[in-house]
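Readers should treat all values here as calculations from the given coordinates under stated rules, not as data from a laboratory. Treat the numbers as computed from the prediction; the structure is a model and nothing was measured. Cβ placement follows ideal geometry from the backbone for every residue including glycine, while neighbour counts extend to all protein chains displayed.
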There are 4 protein chains.
Amino acid sequence: MTQVGGIAGEQLRTFIERIERLEDEKKDVQEQIKEVFSEAKGVGFDIRIMRQLLRLRRLRDADRSEQEELLEVYKAAIGMR
Amino acid sequence: MTQVGGIAGEQLRTFIERIERLEDEKKDVQEQIKEVFSEAKGVGFDIRIMRQLLRLRRLRDADRSEQEELLEVYKAAIGMR
Amino acid sequence: MTQVGGIAGEQLRTFIERIERLEDEKKDVQEQIKEVFSEAKGVGFDIRIMRQLLRLRRLRDADRSEQEELLEVYKAAIGMR
Amino acid sequence: MTQVGGIAGEQLRTFIERIERLEDEKKDVQEQIKEVFSEAKGVGFDIRIMRQLLRLRRLRDADRSEQEELLEVYKAAIGMR
DNA sequence: CTGCCATTTTACCGGC
DNA sequence: GCCGGTAAAATGGCAG
């Protein structure tokens, strides 16, 4: 194995490239999201409102999970398995 | 004014030091928080549960503000001032 | 666009859900990235340094040296060596 | 500690509220820091570079050069010059 | 071009 | 003492 300064260069390069490929994928998805926003805007919806709605829905989900989590943790605390 | 490389060194130093002082203050407050947790733990409370509770309360607050915000934004959207 | 619960409402919901689906996809990809980092970590690479590497590869060389130079100037300004 | 709504509940609430108060304080300090940055920005300093400066001052010199060296090694490993 | 919001990175803390 | 996950800080991107 080629060693540069004690590092397996080939292996490192492979990891880096895998990550960069995944980051590209992510960027693609992000662009699709933007397109949906544009489309919505094009038929008259307000992007600001849409974002606010999305945020609110996320918060609701998070709240629900936190609540469930808290319940679990209480149950554990009083010895319920 | 002393100029080093075109930069007002004295002024920069002052800003940096002000920030560092504030960061120290923040660290102090953080330590007080830790002490409260320790104290609670000492009388038998479960830190994990406490954190969960705090998080839940924060989410509730955030949710409420988001909701109000959304309402505002809807009102604006339909021309209510 | 001011009708609520009608066609526009349905359409808005559709947009929102499309976006949420895409956001889930994005989250998946993000997790895959994390897994690659873990794997790299598992064979001994330093994740923090890998991140720096990725950032450097993203930055145009010009910007990179520009930033480095400015930092030197500031350091000189407050007498850091 | 399993009673709910009794002494323990009251005590728990007190701890939670003390922590929330301290967290508010922390947030205040954080805002003051932001203000100093704004002020600095207002007279022409580059905030990003100031942050780097602060970080450098925090890091022990040893750690600093260690990191820099490791980065060089990795760069060499994947053939970045 | 400015301010705001999301994302990403860094630091911290409790558990093991 | 490390490790994993959680919260804070910093960077980047978008809308107005």
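Structure data summary
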{"item": "Matching residues in the stretch D:1-57 - criterion: being closer than 30 Å to C:L70 by Cα and small (G, A, S)", "result": "D:S38, D:A40, D:G42, D:G44"}
{"item": "Criterion: within 20 Å of C:E10 (Cα to Cα), within 14 Å of DNA strand E (Cβ to nearest atom) and of a type in the set (F, W, Y) - qualifying residue of A:F45, A:F37", "result": "A:F37"}
{"item": "The lone exception for C:F15 - which of (1) at the interface with another protein chain (Cβ under 7 Å from one of its Cβ atoms); (2) in a helix (DSSP H, G or I); (3) in contact with a Leu (Cβ under 8 Å, 6 or more places away or on another chain) it fails", "result": "(3)"}
{"item": "Residues satisfying the stated conditions in the stretch B:41-66, i.e. away from DNA strand F (no atom under 14 Å from the Cβ) and either in contact with a strand residue (DSSP E or B) (Cβ under 7 Å, 6 or more places away or on another chain) or not charged (D, E, K, R) (or both)", "result": "B:G42, B:V43, B:G44, B:F45, B:S65"}
{"item": "Among (1) within 14 Å of chain C (Cβ to nearest Cβ); (2) assigned to a helix (DSSP H, G or I); (3) away from DNA strand F (no atom under 11 Å from the Cβ) - the single one B:E69 does not satisfy", "result": "(1)"}
{"item": "B:E17, sole failed condition from (1) surrounded by 14 or more Cβ atoms within 10 Å (Cβ to Cβ); (2) more than 11 Å from DNA strand F (Cβ to nearest atom); (3) under 30 Å from D:R51 (Cα atoms)", "result": "(1)"}
{"item": "Close pairs (8 angstrom Cβ cut-off, 6 or more residues apart or separate chains): more than 10 Å from B:A77 (Cβ to Cβ) and without any contact (Cβ under 8 Å) to a residue 24 or more places away in the chain in the stretch A:39-52, among the acidic types (D, E) and surrounded by fewer than 16 Cβ atoms within 10 Å (Cβ to Cβ) anywhere", "result": "A:Q52/B:E69"}
